[in-house]
Amino acid sequence: MNINTQIAKTYIITNKKLTGVAVAGVVLGMSIYIFMNSMLLGFDKASSKSIFKTTPHIRVYMDDEISKPLVSSNGKQMLLVNPKIVPAKNTIINPGLVISTIQKMEEVEIVTSQVNANIFYNSGKSQITGLCSGINPEDADRMYAISSTIVEGSLGALKGNPNGILIGSGVSEKMSLRENDYVNITSSKGVNKAFKIVGIFKTNNSVIDKTKSYVNVLASQQLLKEGNVYVTDINVNIKNPDDAEKIAMQISASTGYKAEGWRQANESLMAAQRMRKIIITFVSTTILLVAGFGIYNILNMTITQKINDIAILKAMGFKGNDVVRIFVTQAVTVGVMGVIGGMIMATVIITLLQHVYVGGDIGYFPITYEVTKYIQGVVVGMVITFFAGYIPAKKAANIDPVEIFRK
Amino acid sequence: MKILESKAISKYFTDPVEFQVLKDISFDVEKGEFTTLVGKSGSGKSTLLYVLSTMDTDYKGQLIIDGQLTGSMTKDELAGLRNEKIGFVFQFHYLLSDFTCLQNVMLPALKLGKLSKDEIQERAYQKLAMLGLSDQALKLSSKLSGGQQQRVAIARALINDPLIIMGDEPTGNLDSKNTRIVFDIFQELSKNYGQTIIAVTHDDDFASKSDRIIELKDGEVIRS
Ligand SMILES: Nc1ncnc2c1ncn2[C@@H]1O[C@H](COP(=O)(O)OP(=O)(O)O)[C@@H](O)[C@H]1O
Ligand SMILES: [Mg+2]
């Protein structure tokens with residue numbers, strides 16, 4: 001073993017208390033950093049998961065148009081006072097072509113059309129407002145995993161059954177409707193139609209459970225008094241939801257319709273997420289820095305205590321770099337022990353939290369072992385301990401032994 | 001052969017007021033010479049010894065050790081020179097308290113890295129035995145008495161067979177018996193092994209038995 005390493009080892013062993021406190025500091029800072037950042041990612045994943053239960057990655061639709069002057073004339077500025085939305089239909093013309101265009105894109109996984117209708121559920125005298133989504137059951141299931149939320153009946157029964165309907169558990173409770181019962185639906189266009197309940201779903205999101213229902217596209221087109229080419233929305237899921245905004249722009253460019261990524265569609269949720277991220281990043285980084293300062297102080301203290309030893313070593317012929325190596329070795333050893341301890345502790349905390357039930361549509365506490373956060377924590381922890389040792393060691397290496405001996 | 005040359009060395013302290021501690025000190029020391037440095041307290045002996053040991057580089061004049069002009073060397077080069085060619089015994093023992101006596105003695109040799117660890121340990125035991133400390137070898141150095149610590153420091157100064165051994169009152173804490181032992185060791189090293197000794201002492205008997213006495217008064221050499 002190198003003589004400098006040997007000296008460092010002796011210092012670590014003979015100053016167990018200081019070493020212990022320094023290691024504990026790194027363990028604490030590291031584990032909280034890893035744990036909080038893993039929690040952040042877990043929250044984000046859970047919230048996007050719950051968003052994707054009802055929202056596609058990208059929604060393609062016909063945007064409202066504001067009326068413009070009909071004639072464009074050069075030189076003259078045409079002015080339209082109080083322009084209004086053009087009362088055109090919000091429908092996608094030739095949806096088949098649009099769908100096949102989108103399907104050709106490489107990152108796209110599922111493309112399906114959807115027709116939403118605002119409706120009333122009637123049963124006897126009670127009436128509830130709600131939203132009826134006309135879907136293609138197979139595609140929609142792949143997109144929203146509807147079948148995993150079914151508590152009664154099945155999604156399969158909706159297939160090829162233009163009179164079938166899937167209702168939310170909230171709707172079923174309020175109107176005491178069960179599978180195989182009939183529910184009367186009135187649309188905003190005044191169409192009245194009786195549907196047979198083929199299934200009941202429960203997403204644990206009470207707003208959705210109390211309002212939503214699924215029917216076949218054809219049925220909702222009827223509710224809107226439209227023909228079978230009437231499509232208001234085309235929903236698209238892609239391989240990596242993080243690319244949604246980018247791909248939405250491509251879709252917009254190639255189809256001419258408005259395409260909106262899920263982040264845009266959920267601005268307020270995204271804002272909350274961003275705020276959460278800022279807070280957690282701030283808190284975890286602060287804790288790591290505070291731990292870093294603690295280690296710096298402890299190592300600084302060790303070096304102050306050993307200033308006499310440093311002077312003797314230099315008198316005996318140890319060079320400035322030897323002194324730096326001795327104390328950096330000490331710091332890095334503390335760092336390695338702390339980092340390993342921190343990873344173990346973070347793993348323990350995360351494992352414990354994973355078993356905590358929080359309820360709602362989240363279930364168990366949404367946290368996973370985020371390898372990237374472990375790596376980040378290790379790198380940051382090691383860099384901090386290195387410099388916490390290096391800076392005071394460099395200072396100590398420059399002192400003149402005679403100055404110490406004269407005291 | 002001249003092993004150490006001091007040419008017009010002067011040194012000033014500026015704190016609290018400027019004053020000259022060393023005034024134009026010039027003398028040569030021959031290889032194998034056993035030299036003692038005497039003078040009243042405050043005459044500048046320790047200050048001069050720090051300069052001669054290359055630890056203090058803040059002076060005017062020239063210091064040549066083993067034919068090398070030290071003024072032009074970097075701090076690291078000086079550290080290397082000290083490690084190999086100079087053994088130093090401080091006025092106040094100065095051992096590393098977290099290490100055993102044996103480890104303290106071994107340190108300069110481990111740093112030099114010329115011998116294997118086993119050989120170094122063997123040599124360190126020899127030096128400790130020579131100074132009557134065999135039974136203390138594995139004790140922590142802080143557990144020893146002042147006199148014992150001083151002898152460990154002497155053993156440490158000898159470990160690399162340095163060309164020059166410098167001591168600032170190396171027998172200051174020793175009883176007459178141990179003082180004799182140290183004197184005999186120094187004498188043998190200079191006579192039989194050609195090692196040069198420069199020792200500050202207040203002990204007139206010790207000085208009078210040495211080869212040569214250099215006396216300082218108010219920072220000036222008045223006898224050499
Ligand atoms: N760091 C210092 N700053 C200012 N004066 C000092 C310092 N160290 C020593 N002196 C002064 O220099 C003179 C010589 O001191 P020193 O070399 O220790 O004498 P000696 O070892 O012969 O007793 C004394 O007057 C002492 O007070
Ligand atoms: Mg003195």
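The values are calculated or read from the model by the stated rules, or taken from the named source; none is laboratory data. These figures come from a predicted structure and were not determined experimentally. So basically every Cβ, Gly included, is an ideal-geometry build from the backbone, and we count neighbours across all protein chains shown. Only protein heavy atoms, including side chains, enter the accessible area calculation; ligands, DNA and RNA are left aside. Shrake-Rupley method; radii C 1.70, N 1.55, O 1.52, S 1.80 Å.
Please work out if B:R156 is open to solvent by less than 50 Å² (accessible area, probe 1.4 Å), under 26 Å from B:I64 (Cβ atoms) and either among the polar types (S, T, N, Q) or modelled with pLDDT of 90 or more (or both). It is true that B:R156 is open to solvent by less than 50 Å² (accessible area, probe 1.4 Å), under 26 Å from B:I64 (Cβ atoms) and either among the polar types (S, T, N, Q) or modelled with pLDDT of 90 or more (or both). Within region B:39-63, residues that are more than 13 Å from every other protein chain (Cβ to nearest Cβ) reach no partner that is near ligand 2 (Cβ under 10 Å from one of its atoms) and open to solvent by 40 Å² or more (accessible area, probe 1.4 Å) with beta carbons closer than 6 Å at six or more positions or on different chains.
For region B:1-13, taking the residues that are within 16 Å of ligand 1 (Cβ to nearest atom) and away from every other protein chain (no Cβ under 14 Å), the one that is surrounded by the most Cβ atoms within 10 Å (Cβ to Cβ) is identified as B:S6. Are there any pairs, at least 6 apart or on different chains, whose C-beta atoms fall under 6 Å, with the first in region B:199-212 and more than 14 Å from chain A (Cβ to nearest Cβ) and the second within 16 Å of ligand 2 (Cβ to nearest atom) and in a strand (DSSP E or B), and if so, which? Pairs found: B:A199/B:T36; B:A199/B:G167; B:T201/B:T36; B:A207/B:T36; B:A207/B:V38; B:S210/B:T36.
Does B:V182 satisfy being in a helix (DSSP H, G or I) and under 20 Å from B:K45 (Cβ atoms)? So B:V182 passes the test. Report whether or not A:I51 is touching a Gly at 6+ places or on another chain (Cβ under 8 Å), in a helix (DSSP H, G or I) and away from chain B (no Cβ under 14 Å). Spelling it out, it is not the case that A:I51 is touching a Gly at 6+ places or on another chain (Cβ under 8 Å), in a helix (DSSP H, G or I) and away from chain B (no Cβ under 14 Å). For residues in region A:130-149 being under 17 Å from A:N205 (Cα atoms) and modelled with pLDDT of 90 or more, which is most open to solvent (accessible area, probe 1.4 Å)? Ranking the candidates gives A:L131 first.
For B:K143, the stated conditions do not hold, so it cannot be described as open to solvent by 20 Å² or more (accessible area, probe 1.4 Å), closer than 26 Å to B:I65 by Cβ, among the charged types (D, E, K, R) and more than 16 Å from ligand 2 (Cβ to nearest atom). Against the test of being outside the structural domain of A:I295 (by TED's automatic domain parsing), open to solvent by less than 20 Å² (accessible area, probe 1.4 Å) and of a type in the set (A, V, I, L, M, F, W, C), the options A:V115, A:V26 yield a single qualifying residue, A:V115. Scanning region A:23-40 for any residue that is in contact (Cβ under 8 Å) with a residue 40 or more places away in the chain, over 44 Å from the mean Cα position of the chain (by Cα) and under 26 Å from A:V379 (Cβ atoms) turns up nothing. Of the helices (runs of 4 or more DSSP H) lying entirely inside region B:21-139, those containing at least 2 residues that are away from ligand 1 (no atom under 16 Å from the Cβ) and crowded, with 19+ Cβ neighbours inside 10 Å are B:75-85, B:101-112, B:117-130.
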